[in-house]
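Worksheet: one structure, shown below.
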Amino acid sequence: MIAAEGVRAAAVALLGEIVEWSPVRGGGNNQLFRARTAAGTTSAVKAYPQTAGDQRDRYAVESAALAFVNRVAPGTVPRLLACDDDARIVAAEWIDGSPVHAGEASMEQVVAFLAALHAARTAPGAERFGSASEACFSIADLREQLAARRTRLAAVPDLASLLERFDALADEALAASDSGVALDTAQRTLSPSDFGFHNALLRDRRIVFFDFEYFGWDDPVKTVADFVWHPAMSLDPAAREQFLAGTATLYGDDAGYAARLHARLPLYGLRWALIVLNEFLPERWARRVAAGQTADRDAILERQRTKAHGLLEKVDQLLGEGR
């Protein structure tokens, strides 16, 4: 974890005199502070600790993504105010807003945002982005990710029975899946990756999206599936159908999109069941501690276990529709 005093000193160099400074939250992969300057500007100051095993430069990705999205879809993300490459700190517009809930208007804005990113594929600067975090350009990529995550969790004895159920569902889902070739460039989209209402606020009836540490190129199917399956989301049937219908139109130029989504949606649900179990891995917990996590680990592990069970149940229901 970067010392708060060091983050503040770097923020002063970027923003000028700071008269109010407070941490916003702990946990996650970074440190976040709210800063008000003598000039009256309120900013979100984000620091990105580097930890062992974290191969992605989250600072470089997010600072570049904010600058790019501000240009191609202004008003949908916080304005980038300043950044410090040496200190690995980003200062962005502070967003005062309320939580976003699923509804007709919010789902329209979500689809419109994805449409803006999809249209920006040919915008200047788009070619500079790499793949989104854990992008899946083929069924082989998805299979490998599932296998790697399953292997990492195999040594956790408390998860044995849960993983047995995962294995049974994975066998069924993989048997029913496609064997398509890797997507070509024209089929890919720019994706926020960690995308959902957990990373958004409603300001003046408009949704502002944030957290772009994992931004990059991906299969639209993964972008859609992650939004549907993310455990922080809670879409009722009407909102889910509106989102799926809107994105089906958005990505409809890809003739294979609908078939890929149908075949791989259960597999992405299984992937999320493994993702929520990451907290059982010592290296992941070390990253949380580096970012300031202070919550009781046992309580967090039990919560994540419950989430995983719930996701497996939903996958089972989805597979059951085709049995």
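Quick notes
- Residue in segment 176-188 that is of a type outside the set (S, T, N, Q), in a helix (DSSP H, G or I) and over 24 Å from L277 (Cα atoms) present: yes
- Residue in segment 74-91 that is basic (K, R) and assigned to a loop (DSSP other than H, G, I, E, B) present: yes
- Set A82, A73, A87, A105: member being under 20 Å from L202 (Cα atoms), more than 18 Å from the chain's Cα centre (by Cα) and in the same structural domain as Q31 (by TED's automatic domain parsing): A73
- Some residue of segment 212-232 being closer than 21 Å to P266 by Cα and surrounded by fewer than 16 Cβ atoms within 10 Å (Cβ to Cβ): yes
- Filtered by the rule that a residue be modelled with pLDDT of 90 or more, exposed (fewer than 14 other Cβ atoms within 10 Å of the Cβ) and under 30 Å from D254 (Cα atoms), segment 155-204 gives D171, A175, D184, T185, A186, H198.
- Within segment 53-81, the set of residues being surrounded by fewer than 16 Cβ atoms within 10 Å (Cβ to Cβ), among the small types (G, A, S), at pLDDT 95 or above and farther than 14 Å from E213 by Cα comprises just one member, G75.
- If the condition is being farther than 21 Å from A65 by Cα and part of a helix (DSSP H, G or I), then segment 95-129 contributes E104, A105, S106, M107, E108.
- Near pairs, Cβ below 9 angstrom, 6+ apart or cross-chain, from segment 1-22 (outside the structural domain of D84 (by TED's automatic domain parsing) and more than 10 Å from V45 (Cβ to Cβ)) to any residue that is of a type in the set (S, T, N, Q) and assigned to a helix (DSSP H, G or I): none
- Qualifying residue in segment 200-210 (condition: among the small types (G, A, S) and part of a loop (DSSP other than H, G, I, E, B)): no
- Looking only at residues of segment 19-35 that are among the small types (G, A, S) and not in a loop (DSSP other than H, G, I, E, B), we find that the one that is modelled with the highest pLDDT is A35.
- Matching residues, segment 115-133, being crowded, with 17+ Cβ neighbours inside 10 Å and either under 22 Å from R305 (Cβ atoms) or β-branched (V, I, T) (or both): none
- Residue satisfying all of: in segment 38-48; surrounded by 18 or more Cβ atoms within 10 Å (Cβ to Cβ) and farther than 14 Å from F209 by Cα; farthest from the chain's Cα centre (by Cα) among these: S43
- Close pairs from segment 273-291: first in the same structural domain as A173 (by TED's automatic domain parsing), partner among the β-branched types (V, I, T) and at pLDDT 70 or above, Cβ under 8 Å, at least 6 apart: A273/V315; L277/V156; E279/I300; F280/V156; L281/V156
- Flag if A92 is in contact with a Pro (Cβ under 6 Å, 6 or more places away or on another chain) and modelled with pLDDT of 95 or more: yes
The values are calculated or read from the model by the stated rules, or taken from the named source; none is laboratory data. Every value quoted in this text rests on a predicted model; they were computed, and no experiment measured them. Cβ sites come from the backbone with ideal geometry, for glycine too, and all protein chains shown count toward neighbours.
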